[in-house]
Amino acid sequence: MEARDGGAAAGAPGEVGAPPEGDPTAPVRVASAAELSRHGAKVQATVHGRYVTVFNVGGALRCLDAVCYHAGGPLTVGDIEEVDGRACVRCPWHNYIVTVETGEKLYQALVKTDDGKLVPGGWESVGVRQRCHRAYEEGGEVFVALDASEGKLESDKYAKDPACGKRLMQGGKSAMGNRLFRRGGAPMVGADGTWRKRF
């Protein structure tokens, strides 16, 4: 995965150049199609100052704000995982699960058994919290057009925050240079720089 500044924008689809003056929804080239050709591939980028991640999910391109809506964590540095049949990312800071396609925050409800014990139940949504954007391939290049819908979403709060973006663009490294998170059971570094073990 490579972090990059998607500063070159398309004036018209397929044309790389400066964005039209004052148009924050002008498409921006973020990668070549070859870089996102396999399932699970992703690219971190900035599009008109907003930190986003583009994923290949089973051959479809998906894009969402890369910084977690909850506390500004680097939401999209982890791998895509399936939760209740939906492609999701899990924020490494607080284990919040967000769907890649819709930006909904999922949680597993608890249900009480007949003998009074609480056990995990089905997965439910608290609604859309993370803004999703349009990603598409044209002429061997991948472009992102930011969502221009009205209304605020919780991820808007951190989407352009330079400190949050810096963590993403460093590939999940802390200020100490350590990896913030590792897959496969290796220890992880929390936001405060202390080591902890994966569950």
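The values are calculated or read from the model by the stated rules, or taken from the named source; none is laboratory data. The model shown is predicted, which means the values in this text are computed figures rather than measured ones. Protein only, heavy atoms only, side chains kept; ligands, DNA and RNA dropped before computing areas. Shrake-Rupley method; radii C 1.70, N 1.55, O 1.52, S 1.80 Å.
Odds and ends about this structure:
- Only protein atoms count toward the accessible area here, which uses a 1.4 Å probe; on the stretch 19-125, the carbon and sulfur part of that area reaches 46 percent.
- Computed lengthening from residue 108 to residue 125, 0.36 nm per intervening residue step minus Cα-Cα distance: 5.2 nm
- Straightening the chain between residue 71 and residue 157 buys 30.0 nm, computed as 0.36 nm per residue apart minus the Cα-Cα spacing.
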